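Heads up: the structure comes next, in structure tokens.
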Amino acid sequence: MRVELRGITKTFGSLVATDDVSLTVEPGEVHGLLGENGAGKSTLMNVLFGMLHADHGEILIDGEHATFRGPGDAVRLGIGMVHQHFMLVPVFSVTENVVLGSEPTRFGQLLDYRKARARIRDVSTQFGLDVDPDSLVEDLPVGIQQRVEILKALNRDAKALILDEPTAVLTPQETEALFAIMRSLTKSGRSVLFITHKLKEVLEIADRITVMRRGKVVGTTTPRESSEALLAEMMVGRSVNLVVAKTLAAPTDSVLQLHELRVIDDRNILTVDGVSLDVHAGEILAIAGVQGNGQTELVEAITGLRKPVGGTVVLDGVNVTGASPRAMLDRGLAHIPEDRQHDGLVLPMSVADNLVLDQHSSPVFASFGTRKLSAVREHASEMIEEFDIRTDSSQVPVQTLSGGNQQKVIVARELSRPIRLLVAAQPTRGLDIGSIEYVHRRIVAERDKGLAVLVVSSELDEVMALGDRIAVMYEGQIVGIVDPSVGREQIGLMMAGITPQSAATLESSAS
Ligand SMILES: Nc1ncnc2c1ncn2[C@@H]1O[C@H](COP(=O)(O)OP(=O)(O)O)[C@@H](O)[C@H]1O
Ligand SMILES: [Mg+2]
């Protein structure tokens with residue numbers, strides 16, 4: 001099936017979300033749609049899926065004009081979409097979710113559960129979508145829930161499948177698994193519209209790439225004709241520095257020491273199992289690892305959010321094991337949390353208030369219980385300027401800002417008080433390139449000012465770019481601490497629990 005969008009314009013009030021956008025998806029291709037956050041990708045795809053009505057423009061399916069009054073029309077014509085935020089019913093089983101909303105004629109008025117399960121098994125096998133049809137969706141990890149969404153679209157005979165930022169929630173391994181599924185889909189003649197803002201991914205998987213910027217198509221290219229640098233420039237409209245400029249670290253005193261730290265998670269499982277580390281002033285220690293190997297709990301134990309069950313945390317020579325988050329803050333800890341919307345911000349509150357969240361009662365911003373509004377506003381203006389936060393005003397709720405700008409609010413707040421140690425967890429997850437570049441430069445600048453920095457990231461690129469030393473975490477333990485010069489390959493192996501020593505042992509026992 002050939003899908004053609006011609007001259008699609010969609011406005012929201014005075015904002016032109018997509019501006020005269022044309023795009024053709026050929027049968028059997030992976031078409032990458034690349035653009036920064038806010039470029040208009042989701043809007044365009046929602047038009048194609050019949051969820052939004054364009055102000056102008058037309059859609060052709062196999063050369064025929066198509067009119068979509070709603071997603072039902074798009075589905076009937078063979079278009080499927082997996083949204084950025086999944087639309088599954090958590091308390092239903094995989095089968096129930098897949099079948100939900102399908103045309104009743106296909107399964108008869110009474111849902112034939114057995115037939116549905118059999119069909120799911122067939123489709124699963126055909127495309128390598130390994131899922132247990134009887135699991136409850138709420139029990140499944142995100143990567144598997146995504147497969148359920150894909151199954152659902154395929155069950156409705158989707159010939160063109162839209163995947164909106166599918167890799168944002170996936171580990172590198174899960175991403176590779178998804179790419180394999182995408183390849184098997186195109187092999188069967190289906191086409192995939194793959195939305196992303198990640199350059200490496202689109203270069204790896206797409207046959208053709210269309211780049212959008214501020215609602216317009218900048219151009220269509222192929223991986224062969226382009227490169228990361230070229231695509232970044234098309235996306236952002238200026239040349240982008242993809243490599244973090246960084247001099248050799250000049251570490252001095254030890255600021256943070258972890259000794260045999262042990263932490264259990266919410267399910268009572270020991271997820272941090274004897275971690276010892278040492279972070280010095282003037283260096284960035286980056287912790288690499290596939291998500292879910294104890295990094296989250298490790299950060300929680302350091303920042304006071306979770307009490308360790310064993311071992312010690314020492315900050316500036318003082319034993320702070322089990323200290324409260326407030327006490328850690330007072331001792332000079334800055335924390336960029338993994339889940340910024342949950343732990344880092346109060347979404348309905350204004351940008352200005354979020355910028356002083358930790359300092360509400362400080363004499364600078366309040367006296368005798370009354371808030372000094374002008375001081376709060378003035379502080380906000382300074383931060384907005386210094387940290388390049390893009391917002392119309394400091395008084396709007398922080399939830400109206402893009403992800404990148406929300407993150408800058410956190411970075412601004414955390415770095416604008418006296419600090420000794422910065423703990424940054426997944427600091428650029430979900431951000432656009434421009435914001436990633438900014439946050440990375442800022443972290444290096446703090447190191448150069450003599451801060452001790454601990455970065456935790458499941459993105460190997462980020463770990464490689466930022467780390468002066470790299471500690472690899474696997475199943476709750478640090479499997480090794482290496483210099484970044486050992487290379488991605490070696491660190492990738494360590495992320496799977498394989499150290500040079502254990503590899504050598506395996507070899508000798510094999511021979
Ligand atoms: N329902 C909506 N109402 C108002 N503005 C919207 C709506 N949906 C998207 N926008 C705006 O349209 C622009 C494009 O958004 P979107 O299509 O989501 O971008 P992308 O998917 O590329 O990140 C953004 O400025 C966004 O704030
Ligand atoms: Mg989007």
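For the range 316-354, enumerate the residues that are open to solvent by 50 Å² or more (accessible area, probe 1.4 Å) and among the aliphatic types (A, V, I, L, M).
Within the range 316-354, Val318, Val346, Met349 qualify.
If we only count helices (runs of 4 or more DSSP H) wholly inside the range 371-449, which ones have 2 or more residues that are open to solvent by 60 Å² or more (accessible area, probe 1.4 Å)?
Working: elements: 373-386, 403-415, 433-448.
The qualifying helices (runs of 4 or more DSSP H) are 373-386, 433-448.
Being more than 16 Å from ligand 1 (Cβ to nearest atom), surrounded by 21 or more Cβ atoms within 10 Å (Cβ to Cβ) and free of Cβ contacts under 8 Å to residues at least 40 places away in the same chain: is that true of Arg147 here? Lay out the reasoning, then the answer.
Values: more than 16 Å from ligand 1 (Cβ to nearest atom): yes; surrounded by 21 or more Cβ atoms within 10 Å (Cβ to Cβ): yes; free of Cβ contacts under 8 Å to residues at least 40 places away in the same chain: yes.
Considered against the rule, which asks whether it is more than 16 Å from ligand 1 (Cβ to nearest atom), surrounded by 21 or more Cβ atoms within 10 Å (Cβ to Cβ) and free of Cβ contacts under 8 Å to residues at least 40 places away in the same chain, Arg147 comes out as yes.
Go through the range 11-37 and report how many residues are more than 8 Å from ligand 1 (Cβ to nearest atom) and part of a strand (DSSP E or B).
Initial filter on the range 11-37 (more than 8 Å from ligand 1 (Cβ to nearest atom)): 11, 14, 16, 19-34.
Now restrict to residues that are part of a strand (DSSP E or B): 11, 16, 19-25, 30-34.
The number of residues fulfilling the criteria is 14.
Are any residues in the range 38-79 in contact with a helix residue (DSSP H, G or I) (Cβ under 6 Å, 6 or more places away or on another chain) and within 16 Å of ligand 1 (Cβ to nearest atom), and if so, which ones?
Going through the range 38-79, the residues in contact with a helix residue (DSSP H, G or I) (Cβ under 6 Å, 6 or more places away or on another chain) turn out to be 49-52, 54, 68.
Phe49, Gly50, Met51, Leu52, Ala54, listed by residue number.
Checking the condition in contact (Cβ under 8 Å) with a residue 60 or more places away in the chain, among the β-branched types (Val, Ile, Thr) and assigned by TED's automatic domain parsing to the domain that holds Ile79, which residue from Val244, Val218, Val202 passes? Steps first, please.
Values: Val244 fails: assigned by TED's automatic domain parsing to the domain that holds Ile79; Val218 fails: in contact (Cβ under 8 Å) with a residue 60 or more places away in the chain.
Only one candidate qualifies: Val202.
Yes or no: the range 58-76 includes at least one residue that is within 14 Å of ligand 2 (Cβ to nearest atom) and surrounded by fewer than 23 Cβ atoms within 10 Å (Cβ to Cβ). Steps first, answer last, please.
Filtering the range 58-76 for residues within 14 Å of ligand 2 (Cβ to nearest atom) gives none.
No: zero hits.
Given the condition within 14 Å of ligand 2 (Cβ to nearest atom), within 28 Å of Leu178 (Cα to Cα) and touching a helix residue (DSSP H, G or I) at 6+ places or on another chain (Cβ under 9 Å), answer yes or no: does some residue in the range 23-31 qualify? Outline the logic, then answer.
Applying the first criterion (within 14 Å of ligand 2 (Cβ to nearest atom)) to the range 23-31 yields none.
Scanning the range 23-31, I find no residue that is within 14 Å of ligand 2 (Cβ to nearest atom), within 28 Å of Leu178 (Cα to Cα) and touching a helix residue (DSSP H, G or I) at 6+ places or on another chain (Cβ under 9 Å), so the answer is no.
Any idea how many residues of the range 208-233 are open to solvent by 70 Å² or more (accessible area, probe 1.4 Å), part of a loop (DSSP other than H, G, I, E, B) and more than 21 Å from Leu431 (Cβ to Cβ)?
Start the filter on the range 208-233 by keeping residues that are open to solvent by 70 Å² or more (accessible area, probe 1.4 Å), which leaves 213-214, 216, 220, 224-225, 230, 233.
If we keep only those that are part of a loop (DSSP other than H, G, I, E, B) as well, we get 214, 224-225.
The next check asks that each one be more than 21 Å from Leu431 (Cβ to Cβ); those that pass are 224-225.
Residues in the range 208-233 being open to solvent by 70 Å² or more (accessible area, probe 1.4 Å), part of a loop (DSSP other than H, G, I, E, B) and more than 21 Å from Leu431 (Cβ to Cβ): 2 in total.
Quick check, is Val456 of a type in the set (A, V, I, L, M, F, W, C) and open to solvent by less than 10 Å² (accessible area, probe 1.4 Å)?
Details: of a type in the set (A, V, I, L, M, F, W, C): yes; open to solvent by less than 10 Å² (accessible area, probe 1.4 Å): yes.
Yes.
Just the residues that are more than 16 Å from ligand 2 (Cβ to nearest atom) and farther than 13 Å from Ala158 by Cβ, please, taken from the range 184-207. Show your work before the answer.
Going residue by residue through the range 184-207, those that are more than 16 Å from ligand 2 (Cβ to nearest atom) are 184-192, 199-200, 203-207.
Answer for the range 184-207, where residues must be more than 16 Å from ligand 2 (Cβ to nearest atom) and farther than 13 Å from Ala158 by Cβ: Ser184, Lys187, Leu199, Lys200, Leu203, Glu204, Ile205, Ala206, Asp207.
Looking at the range 165-192, which of the residues that are within 16 Å of ligand 1 (Cβ to nearest atom) and more than 15 Å from Ala206 (Cβ to Cβ) is most open to solvent (accessible area, probe 1.4 Å)?
Narrowing the range 165-192 to residues within 16 Å of ligand 1 (Cβ to nearest atom): 165-169.
From the residues that got through so far, the ones that are more than 15 Å from Ala206 (Cβ to Cβ) too are 168-169.
Working: Ala168: 44, Val169: 67 Å².
This residue is Val169.
For the range 56-80, how many residues are hydrophobic (A, V, I, L, M, F, W, C), closer than 19 Å to Thr18 by Cβ and in a helix (DSSP H, G or I)?
1
Keeping to the range 234-287, report how many residues are in contact with a Leu (Cβ under 9 Å, 6 or more places away or on another chain), in a strand (DSSP E or B), open to solvent by 20 Å² or more (accessible area, probe 1.4 Å) and closer than 23 Å to Leu466 by Cα.
Within the range 234-287, residues that are in contact with a Leu (Cβ under 9 Å, 6 or more places away or on another chain), in a strand (DSSP E or B), open to solvent by 20 Å² or more (accessible area, probe 1.4 Å) and closer than 23 Å to Leu466 by Cα number 4.
Of all residues in the range 11-26, which are touching a residue at least 24 places away in the same chain (Cβ under 8 Å) and either crowded, with 18+ Cβ neighbours inside 10 Å or among the polar types (S, T, N, Q) (or both)?
Listed by number, the residues that qualify are Thr11, Ala17, Thr18, Val21, Ser22, Leu23, Val25.
Can you find, within the range 32-52, the residue that is surrounded by the most Cβ atoms within 10 Å (Cβ to Cβ) among those that are in contact (Cβ under 8 Å) with a residue 40 or more places away in the chain and away from ligand 2 (no atom under 12 Å from the Cβ)?
Gly32
Which condition number does Glu29 fail, the rest of (1) open to solvent by 20 Å² or more (accessible area, probe 1.4 Å); (2) over 30 Å from Thr391 (Cα atoms); (3) in contact with a strand residue (DSSP E or B) (Cβ under 8 Å, 6 or more places away or on another chain) being met?
(1)
The values are calculated or read from the model by the stated rules, or taken from the named source; none is laboratory data. Here the structure is a predicted model, which is why all the values come from computation and not from measurement. As a convention, Cβ positions derive from the backbone with ideal geometry for all residues, glycine included, and neighbour counts pool all protein chains shown. Just so you know, the surface numbers come from the protein's heavy atoms only, side chains and all, with ligands and any DNA or RNA stripped out. Shrake-Rupley method; radii C 1.70, N 1.55, O 1.52, S 1.80 Å.
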